[in-house]
Each structure stands twice: as structure tokens, then as C-alpha cells.
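Read the structure below first, then the notes.
Read-outs: derived from the displayed coordinates by stated rules, not from any lab. Because the structure is a prediction, the values reported are computed rather than measured. Cβ coordinates were reconstructed from backbone atoms using ideal geometry, including for glycine residues, and neighbour counts include every protein chain displayed.
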Amino acid sequence: MHKKVMILITGLVLLFLVGCSDPSNEESSTKKLTISAASSLTDAMKEIKRSYESDHSDVSLTFNFAGSGKLAQQIQQGAPVDVFLSANQQWMDTLEQEQLIQEETRMNFTGNSIVLIANQDRDFNFNSFADIKLSGQEQLALGDPASVPAGMYTKEILQSVNKWDALKDQMVYARNVRQVLTYVESGNAALGMVYASDALLSDQIKVLAKAEPSMHRPIIYPAAITADSSAKEEAQKFLDYLKTEEAQNILQSYGFEK
């Protein structure tokens with residue numbers, strides 16, 4: 001009987017020690033940061049995540065990638081987000097007006113440009129937006145101007161060369177720039193207009209033309225901490241990191257501009 005009691009006590013002690021060293025207890029000390037980022041930032045932010053977490057072992061970054069308009073609407077609906085990285089100022093302005101971001105944390109951290117792309121297999125004999133011509137069944141893919149910043153810039157570019165109305169019936173709207181890229185890669189769209197950073201990601205497409213800055217509003221990416229963030233200190237540290245040379249070099253390696 002005495003032996004059984006000792007075994008029971010030993011088992012209870014072992015269970016207690018296991019509980020004390022439970023990895024889940026260690027994980028609880030890791031602060032989670034939820035970041036909603038424009039789709040065009042996907043690949044750059046995945047590398048930034050690896051770089052940041054390697055130097056900040058106490059922080060875990062979780063990214064939600066989508067069109068800036070969709071992300072802003074999620075924040076408006078109460079989604080638990082700590083940091084918003086938008087592909088244009090308009091959606092950030094909207095959240096600021098609604099007091100859904102902390103105004104004093106808002107900053108611009110990178111830029112981009114718009115390019116006209118086609119599948120590598122297509123033979124188009126023009127190299128400017130003003131010369132765009134499509135046959136009856138061919139389509140031009142672009143982000144939805146109502147919610148996707150790249151689509152808004154595309155509309156401004158085509159309007160600047162008097163091509164918006166002429167091509168309107170041959171346009172197909174996408175929910176984000178990555179979908180535009182997919183349409184052109186697959187051949188479902190003859191042409192597409194995406195960010196220069198997205199064009200770098202595919203070896204199946206070619207760039208036909210690059211928009212001049214005068215054709216559209218400046219393409220600037222703002223960042224801010226949300227008003228309801230539960231990790232404001234960690235969120236500010238991440239925003240500070242985005243301004244460092246290390247983060248800026250990563251962004252530029254993916255086609256973004258200062």
C-alpha cells in the first residue's frame with residue numbers, strides 16, 4: 001500500500017512539473033499583433049514578418065491581406081485589427097474621419113507605380129496607355145475602382161489619355177491586384193493594370209508601359225494603429241520598424257518605391 005501511495009505522489013509531482021513547463025504557458029507571454037495589409041504588400045510583408053519576428057521573439061505577427069477597401073470596411077465593422085497598411089490615402093482618411101485609427105500614429109512608409117501588363121505569349125504592338133486597342137472579345141483586367149486603390153489609379157490613368165470610356169465595355173473588375181495578375185497569367189484577360197511591385201512577381205507576364213506620375217494621384221502607402229488595438233505599444237514598435245533601412249530595403253527589393 002505504501003508503495004502505491006508513493007507512486008501516486010510521484011505521478012502528481014510529475015504532472016505538476018509538466019504543467020509548469022507547458023509550452024502553452026510560454027506562448028501566452030508572446031504578444032500577438034494583427035495587421036491588415038493591402039494585397040500588393042503580400043510578399044514583402046511575409047519577408048518582413050520573418051525578419052521582424054527573428055529580432056522580436058516576444059511578438060507574433062498575423063497578417064490579413066485583401067483590397068484596402070475591404071480591409072477598411074472590416075475595421076469599420078469591428079474586426080480585431082491592431083495595424084492597418086493601406087495602398088492609398090483615401091481609405092485611411094475615411095477611417096481617420098470616423099476616429100477608427102489613432103491619428104498621431106499615421107505615417108507614410110512606401111510608394112508604388114502602375115504598369116500595363118500582358119501575357120508573355122501575347123504580341124501587342126503598342127507601348128503606351130494611349131495606344132491600347134482590344135478586339136471585340138478581349139478584356140482589360142483592373143481592380144474595382146470602387147474599392148481597390150490600384151483600380152482607382154487605373155481609372156485616373158485611362159481618363160488622362162481619354163481611354164476610359166472607349167475601353168469601359170471590355171473591362172473586367174477584380175477584387176484586388178493579385179487577381180488581376182492571375183487573369184492575365186491565365187489568359188482570361190488580354191491586358192491588365194497592376195502595381196509595378198506585382199509585375200515583378202510573375203515570369204508569365206511582361207510590362208508594356210509604365211504610368212507617368214502626372215497621370216494619377218501619388219501612390220503612397222500609409223500605416224496607422226487602429227483605435228481599438230489591444231497592443232498599442234507593440235504596434236508602434238512595428239510601425240517604427242517599417243521606417244528602418246532594413247525594412248525599406250526589403251520593400252524596395254519587391255518593387256516598392258521610397
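Observations on the structure shown:
- Using C-alpha pairs below 8 Å separated by at least 6 residues, the relative contact order for the chain is 27 percent.
- Translational diffusion of region 114-215, µm² s⁻¹ [Kirkwood Rh, Cα pairs; Stokes-Einstein; 20 °C; 1.002 mPa s]: 164
- Annotation: the residues S40, S197, S230, sorted from fewest to most other C-beta atoms within 10 Å of their own C-beta, follow the order S230, S197, S40.
- Residue order for I205, I220, fewest other beta carbons within 10 angstrom first, comes to I220, I205.
- Angle in degrees between helix 149-160 and the longest Cα principal axis of the chain, rounded to the nearest 10: 10
- Percent breakdown of C-alpha pair distances by 10 Å bin, ordered from the shortest bin, for region 106-159: 18, 46, 27, 7, 2
- Förster radius 51 Å - calculated FRET efficiency between T244 and A166 (Cβ-Cβ, nearest 0.05): 0.70
- Dipole moment magnitude, nearest 20 debye, region 114-215 about Cα centre, only Lys, Arg, Asp, Glu C-beta charged: 120
- Partners for K210 among lysines (Cα-Cα distance below 29 Å; same-chain residues under 8 apart left out): K46, K70, K133, K155, K163, K168, K243, K258
- Computed about the Cα centre, the dipole magnitude for the chain is approximately 460 debye when only Lys and Arg (+1) and Asp and Glu (-1) carry charge, each at its Cβ.
- Estimated 222 nm signal from helices in the chain, with DSSP H stretches of n ≥ 4 weighted -39500 (n - 2.57), rounded to 500: -12000 deg cm²/dmol
- Theoretical FRET efficiency, 1/(1+(r/R0)^6), r = Cβ-Cβ of Q97 and D131, R0 41 Å, to 0.05: 0.55
- Restricting the GluC sites (Glu not before Pro) of region 67-175 to loop positions (DSSP other than H, G, I, E, B) with no more than 14 neighbouring Cβ atoms within 10 Å leaves E98, E138.
- For the chain, taking the reciprocal of the average inverse distance between every pair of different Cα atoms yields a Kirkwood hydrodynamic radius of 20.3 Å.
- Taking every C-alpha pair closer than 8 Å and separated by at least 6 residues, the mean separation divided by the residue count of region 114-215 gives a relative contact order of 46 percent.
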